[in-house]
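Here, each number is a calculation from the coordinates, and none is a lab measurement. Bear in mind the structure is a predicted one, so any value in this text is a computation, not a measurement. All Cβ positions, even for glycine, are placed from backbone atoms using ideal geometry, and neighbour counts span all protein chains on display.
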Amino acid sequence: MAGLIGKKIGMTQVFSDDGTVTPVTVIQAGPCLVLESHPDRGRVKLGYGEVKPEKLNKPQRGYFARVELPPRRHIRDFRLSGDDRFEVGQEIKADLFQAGDFVDVIGVSKGRGFSGGIKRWGFSRWPMSHGHPEHRRTGSIGQASTPGRVARGKRMPGRHGGKRVNAANLKVVAARPDDNLLLVKGAVPGPANSLVLVRFSRKKPRRQREAKKSES
Amino acid sequence: MSIIQALEKEQMRDDLPEMRIGDTLSVHEKIVEEGRERIQVFTGFLIARKGTGIRDSVTLRRESYGRGVEKTFLVHSPRVVRIEVKKRGSVRRAKLYYLRKLRGRKARIKEAR
């Protein structure tokens, strides 16, 4: 399931040869430095984004001194699947993926602050006329003295957005390792310039490796 | 945004004529039907231009058999083969939606110069 750490750049659209338009999100994916590789535990630790050592605190500097690798701004763990093997110190680039692959893109959604039920849960609005004093109230939240309490998990106004969200099963439209760009069909959580994780889709069969393909 | 702009530029065509609102354009469009390819030409007044970069589009309007017909083209689409400027028009508005209410002799555009 290995993946890449990247930055959401923004959205645009691409034409195919027959003139079909595909909406795409541009992600600056990688290059990611392999900091640790634990095939026994099925995990790799990747670093993304160069930083000056003096920008890091002492524990972080100590860590990079221990693994004897140049410092990186962001560190994330990825699960390895099957026969994925990465060497410590290796750089993983956008060519990990290719057009046609399915990926999950994980990011932190745009924070919307304290939002009402209409924005947060898609509740309906009250009529604007015929004497309705309020238009965006939530309405009833339950029954009377039986059961005499509000159901657990009742959808109500509150903090909305700013949460980790996984946009699952997005198709890779293009992978451009030369400029570290990944074009993914559809929208991706979070504002532009936010950190995103891109990994092979959990729920889609992974593309067969070239070596395996030639065997069959 | 410059990464996006660079990406879009790769797909944009650079052979577009200078087009202004009110001009009469001919758009040559590739149409695939029943597995055959042919070119259809649509000629009309440029009544609206929308979008920037790769999303740049033109809306053309013409009168066809007494009916007003409008067609919008994505200028950078590979289906648009060629765009020709037939006539230059002189108008004072950015969007010529008022033409929709007019027909016949009133729905004309003064030619530039």
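Table for the structure above
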| quantity | calculated |
| --- | --- |
| Size of electric dipole in region A:112-160: Cβ of Lys, Arg +1 and of Asp, Glu -1, about Cα centre, debye, nearest 20 | 300 debye |
| Separation in nanometres of the label points that stand 7 Å from Cα toward Cβ, at B:R92 and A:T146 | 7.6 nm |
| Alpha carbon convex hull of the protein assembly as shown, volume per residue in cubic angstrom | 304 Å³ |
| Crossing angle, helix A:58-67 versus chain A [Cα axis fit, 0-90 degrees, rounded to tens] | 40 degrees |
| Long-range amide H partners of A:V24 with built H, under 5 Å | A:T12, A:Q13, A:V14, A:G186 |
| Taking region A:112-160 and dividing mean pair separation by its residue count, relative contact order in percent (alpha carbons under 8 Å, at least six apart) | 51 percent |
| Residue pairs, from the table A:K45/B:K9; A:K8/A:K52; B:K86/B:K106; A:K7/A:K171; A:K7/A:K154, whose Cα atoms sit over 24 Å apart | A:K45/B:K9; A:K7/A:K154 |
| Principal semi-axes in Å for region A:39-91 [√(5λ), Cα gyration tensor, largest first] | 24, 10, 10 |
| Overall Cα dimensions of region A:112-160, principal axis frame, Å, largest first | 33, 30, 13 |
| Computed label-point distance, nm, for sites B:E84 and B:E63 using a 7 Å Cα→Cβ extension | 2.3 nm |
| Rounded to 10°, Cα long-axis angle of helix B:2-11 versus longest principal axis of chain B | 80 degrees |
| Distance histogram for region A:80-216 (every C-alpha pair counted, 10 angstrom bins, percent rounded to whole numbers) | 10, 25, 24, 16, 13, 8, 3, 0 |
| Point-charge dipole on Cβ atoms (K/R +1, D/E -1) for region B:22-107, about Cα centre, debye to 20 | 620 debye |
| Quarter of Cα convex hull surface for chain B, i.e. mean projection, nm² | 8.9 nm² |
| Most positive-pole-ward Cα, B:S57, A:P31, A:G3, against dipole of the protein assembly as shown from beta carbon charges | B:S57 |
| Using θ = phi - 60° and Karplus 6.51 cos²θ - 1.76 cosθ + 1.60, couplings along region A:197-207 (whole Hz; Gly, Pro as x) | 10, 10, 9, 4, 4, 6, 9, 10, x, 7, 4 |
